[in-house]
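The values are calculated or read from the model by the stated rules, or taken from the named source; none is laboratory data. Predicted, not measured: the structure shown is a model, and the values here were computed from it. Heads up, the Cβs are rebuilt from the backbone with ideal geometry, glycines too, and the neighbour counts pull from every protein chain shown. For accessibility, only protein heavy atoms count, side chains too; no ligands or nucleic acids. Shrake-Rupley method; radii C 1.70, N 1.55, O 1.52, S 1.80 Å.
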Amino acid sequence: MIKLEASQLAARIKQDVQSAITQMARQPGLAAVRVGEDPASAVYVRNKIRACEEVGIRSEHHALPESTSTSALLDLIASLNVRDDVDGILTQLPLPSQIDETAIIEAIDPAKDVDGFHPVNVGRLGLGRPVFVPCTPAGIIELLDDAGVEIRGTNACVVGRSQIVGRPMAQLLLQRDATVTICHSRTRDLAAVTRNADLLVVAIGRAGFIRGEHIKPGATVIDVGMNRLTEPDEVRALFGNEAEKRLEVLARRGSTLVGDVHPAEAAEVAAKLTPVPGGVGLLTVAMLMKNTLKAATLRRR
Ligand code: NAP
């Protein structure tokens, strides 16, 4: 089984963005908006800001209190929309429950919507005329191309139908001439469907849920899941003989990151598998840099 590591590709994408920026008259700018104290969101935003520094994108981090109202956040978005030095706006999801997430996403100027969540960008993707594509599925296509995995004509299955991963992933695979099936929590006999897939993309948020029986022998499996395990027994159940390294991480940090695919069982059946960590997650941030460069280029034409 080949591990589809993404670190070199992510570094290359960022280098390309960096060298394009050195040719630009003005630095692109990204505004990251975060509300509340969710620790995972804080880490994600920190990683995005760090990537901006690496590639030469000017960034600003708006960290708002947990109690922020929809109207206060709409005011901030409106001010970012009109600023010429801001090319991209991202609002880290999820937002606290009192905030109308849809209203916020729809308030972002589609020309600055570097996450690709605004209905205009979702619609363009559905029409096969994408401008800003959500970063995680866009990164997965780059990874498949880089690894020389055939998409055209294959049976592709996407498990999960979220707006940020599953649905745009299915659209991108369709555009690349795959025959696409989308599965979700109401799919009957999931394994019978996923076992037909030459290319299986899993984004459900359940540690190690996809087992050997779900995977067609020789398939390419893309594991989008990011789940934190804190119990040694859970780690042993997923990693079998290779659990030692993970148990060390667990002892050191109190948790370890795992995907939605059972790594030990998938390794027995799949031909290619993305690791967690070290796979899809690295590309998400790199693609955000690429989308921000694109926003800056399109806005200054
Ligand atoms: P989400 O919005 O929670 O959606 C989960 C999807 O999985 C839903 O469509 C749900 O079906 C489906 N699902 C849940 N249980 C299922 C089951 N037993 N069988 C089949 N389908 C099932 O999740 P998301 O935002 O797409 O994220 C999914 C995972 O990817 C999470 O672990 C997240 O942390 C990770 N993620 C990683 C990155 C990255 O950069 N690597 C980026 C984004 C997300 P219903 O629609 O029927 O409820």
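Report the dimensions of the chain along its three principal axes from the alpha-carbon atoms, largest first, rounded to Å.
53, 44, 39
Mind ranking Ile2, Ile57 by accessible surface for me, highest first, 1.4 Å probe?
Ile2, Ile57
For the chain, what number of Lys pairs, 8 or more residues apart or on separate chains, have alpha-carbon atoms under 18 Å from each other?
12
Rounded to the nearest 500 deg cm²/dmol, what is the calculated helix-only ellipticity per residue at 222 nm for the chain, with -39500 (n - 2.57) per DSSP H run of length n ≥ 4? Don't skip to the answer; put the middle values down first.
On the way: 12 runs with 134 residues, N = 301.
Theoretical 222 nm ellipticity from helices: -13500 deg cm²/dmol.
About the Cα centre of segment 156-301, what is the dipole size in debye to 20, counting +1 per Lys and Arg Cβ and -1 per Asp and Glu Cβ, all else neutral?
Taking the Cα centre of segment 156-301 as origin, the dipole is about 1020 debye.
Report the charge-dipole magnitude of segment 135-214 in Debye, nearest 20, computed about the Cα centre from +1 at each Lys and Arg Cβ and -1 at each Asp and Glu Cβ.
The calculated dipole for segment 135-214 is roughly 460 debye.
Sorted by average packing, counted as other Cβ atoms within 10 angstrom per residue and highest first, what order do 152-165, 81-94 take?
Ranked by mean Cβ neighbours within 10 Å, highest first: 152-165, 81-94.
Distance between Cα centroids, segment 266-283 to segment 23-85: provide it in whole Å.
30
Might you report the magnitude of the Cβ-based charge dipole of the chain about its Cα centre, with Lys and Arg at +1 and Asp and Glu at -1, to the nearest 20 debye? Don't jump to the answer; show the numbers that get you there.
Details: 35 positive and 36 negative charges, 123 e Å.
For the chain, the charge dipole is close to 580 debye.
Considering the dipole of segment 50-179 built from charges on the beta carbon (Lys and Arg +1, Asp and Glu -1) around the Cα centre, which of Ile104, Cys52, Leu127 is farthest to its positive end?
Leu127
Determine the sum of side-chain charges near Ala207: Lys and Arg each +1, Asp and Glu each -1, restricted to other residues whose C-beta is under 15 angstrom from that of Ala207.
-1
For every other residue with a beta carbon closer than 14 angstrom to the beta carbon of Gln171, add +1 if it is Lys or Arg and -1 if Asp or Glu, then tell me the sum.
+4
Count charges around Pro96 for me, please; just the other residues with Cβ under 15 Å from its Cβ, Lys/Arg as +1, Asp/Glu as -1.
So the environment of Pro96 carries a net charge of -4.
Find me the longest stretch of the chain that has none of the exposed GluC sites (Glu not before Pro), where exposed means in a DSSP loop (not H, G, I, E or B) with at most 14 other Cβ atoms within 10 Å. Intermediate results must be reported in sequence, preceding the final value.
Working: sites that count: Glu37, Glu66, Glu150.
With a cap of 14 other Cβ atoms within 10 Å, the longest stretch comes to 151-301.
In vacuum, with every alpha carbon of segment 154-301 counted as one equal point scatterer, what does the Debye formula give for log10 I(q)/I(0) at q = 0.10, 0.12 Å⁻¹? Two decimals, please.
Log10 I(q)/I(0), no solvent term: -0.39, -0.54.
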